[in-house]
Amino acid sequence: MTSPDLPAELRAALNARLEGLSRSDAAGRAAVISQTYREGGGSSTIKTETDALAYAVARMPATYAAVVASLNALSEIRPDFAPTSLLDVGAGPGTATWAAAEAFPSLQAFTLLDANEALRTLALDLTRRSDRLRRITYELGQARTYAAHAEAAELVIASYVINELNDAERDALTDVLWEKTRDTLLIVEPGTPAGYARIIALRARLIAAGAHVTAPCPHDGACPLVAPDWCHFSQRLQRSRAHKQVKGVDAPFEDERFAYVALSRARVENRPSRVLAQPDVGKVEIAAKLCTPEGVIVARVPRRAKADYASARRWRWGDAVTDNSRRPGEGRDP
């Protein structure tokens with residue numbers, strides 16, 4: 001599995017760019033940019049190289065961790081998937097491209113698309129010393145327009161992008177993304193109820209168009225969760241000193257909450273169940289909320305079933321769980 005922490009090559013490139021930059025200035029810029037994103041304003045406030053760098057230091061580690069976690073889940077279910085081409089739509093500073101390059105050594109061609117010139121400039125600077133990424137193609141322009149003219153790729157990623165669009169624009173981009181997907185499309189969004197809703201709408205639209213879910217869902221049916229519940233996951237990552245300074249925090253780690261869906265052209269057989277929350281480990285039993293091909297259940301594994309209990313103790317939020325390991329004491333979610 002690929003580590004959720006930024007690769008050494010990328011950390012070194014970011015640190016080199018940070019030399020001489022005021023951390024307090026970067027923190028102020030990052031706060032404004034983050035607030036704009038939370039309000040649905042996208043990257044409109046990122047206008048200079050300093051803005052782009054402040055954004056990258058503040059958000060790149062968490063975005064990278066979420067994309068890596070999603071790619072790890074995809075690789076676990078399809079260990080033979082070895083894409084050679086990537087299309088990264090709404091690429092920003094190139095975060096998803098770095099993640100995909102780490103997850104798939106097979107990748108050879110990298111095409112990135114984004115409308116923000118400052119983020120494109122930073123992405124090209126961060127990759128220029130990389131043996132694998134220094135020859136990336138990075139097109140500048142609106143995602144839907146440029147994606148429509150891009151070459152199709154075996155792996156297409158859109159991370160933290162569709163939240164910036166209205167419903168009509170989102171549907172149009174969804175269709176273009178799928179058209180350009182030769183094999184697998186990965187969408188990653190913030191792990192909020194709104195982010196989950198966008199994922200579910202896109203998922204339903206593409207299943208109707210013939211797509212099949214690879215992860216996280218163990219089925220192609222409607223999501224069985226009922227509001228106010230929603231499907232999302234969490235990935236812990238370590239914070240560097242610069243990251244803590246720009247974020248204005250002291251904690252040595254961050255938990256990024258995200259929602260995702262990976263959809264493929266071909267059906268994946270025998271998809272595993274998915275742990276939907278951190279299991280409750282008690283003295284008598286372990287209770288774990290699982291999404292299964294039959295719906296949502298609470299699997300209860302009694303301590304007296306020693307081997308099964310030991311296995312269940314290793315379950316973590318977001319893990320794939322085989323049918324055999326969830327059978328003991330399983331019960332329907334009330």
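Applying the criterion of being touching a Phe, Trp or Tyr at 6+ places or on another chain (Cβ under 9 Å) and open to solvent by 20 Å² or more (accessible area, probe 1.4 Å) to the residues of region 282-317, the residue that is nearest to Ala215 (Cα to Cα) is Trp317.
Working carefully through the options Arg205, Arg198, Arg170, find the one that is among the charged types (D, E, K, R), at negative phi and open to solvent by 50 Å² or more (accessible area, probe 1.4 Å). The unique qualifying residue is Arg205. Could you tell me whether region 322-333 includes any residue that is at pLDDT 95 or above and either part of a loop (DSSP other than H, G, I, E, B) or among the aromatic types (Phe, Trp, Tyr) (or both)? No, there is no match, as no residue in region 322-333 is at pLDDT 95 or above and either part of a loop (DSSP other than H, G, I, E, B) or among the aromatic types (Phe, Trp, Tyr) (or both). Checking each residue in region 177-189 for being assigned to a strand (DSSP E or B) and either surrounded by fewer than 22 Cβ atoms within 10 Å (Cβ to Cβ) or of a type in the set (Ser, Thr, Tyr) (or both) picks out Thr181, Arg182, Asp183, Thr184. Does Leu263 count as touching a Ser or Thr at 6+ places or on another chain (Cβ under 7 Å), over 27 Å from Ala52 (Cβ atoms) and in a helix (DSSP H, G or I)? When the stated conditions are applied, Leu263 does not pass them.
For the condition at negative phi, assigned to a loop (DSSP other than H, G, I, E, B) and charged (D, E, K, R), Glu254 does not qualify. I want to confirm something. Restricting to region 101-117 and keeping residues that are at pLDDT 95 or above, buried (at least 18 other Cβ atoms within 10 Å of the Cβ) and among the aliphatic types (A, V, I, L, M), which single residue is nearest to the chain's Cα centre (by Cα)? The selected residue is Ala103.
Among the residues of region 75-99, write down those that are under 30 Å from Trp315 (Cα atoms), surrounded by 23 or more Cβ atoms within 10 Å (Cβ to Cβ) and either under 12 Å from the mean Cα position of the chain (by Cα) or β-branched (Val, Ile, Thr) (or both). Passing the criteria: Thr95, Ala96, Thr97, Ala99. Summed over region 38-54, the residues that are at pLDDT 75 or above, among the charged types (D, E, K, R) and more than 13 Å from Val246 (Cα to Cα) give a count of 2.
Once region 126-152 is narrowed to residues that are closer than 18 Å to Leu202 by Cβ and open to solvent by less than 80 Å² (accessible area, probe 1.4 Å), the residue that is modelled with the lowest pLDDT is Ala143. Between a first residue in region 6-21 that is under 19 Å from Asp131 (Cβ atoms) and a second residue that is loosely packed, with under 13 Cβ neighbours inside 10 Å, which pairs have beta carbons less than 8 Å apart while being 6 or more apart in sequence or on different chains? Partner pairs satisfying both residue conditions: Glu9/Arg129; Ala13/Arg129.
The values are calculated or read from the model by the stated rules, or taken from the named source; none is laboratory data. Only a predicted model underlies this, so the values are computations on that prediction, with no experimental measurement involved. We place every Cβ from the backbone using ideal geometry, glycine too, and count neighbours over all the protein chains shown. Remember, those area values only see protein heavy atoms, side chains included, never the ligands or the DNA or RNA. Shrake-Rupley method; radii C 1.70, N 1.55, O 1.52, S 1.80 Å.
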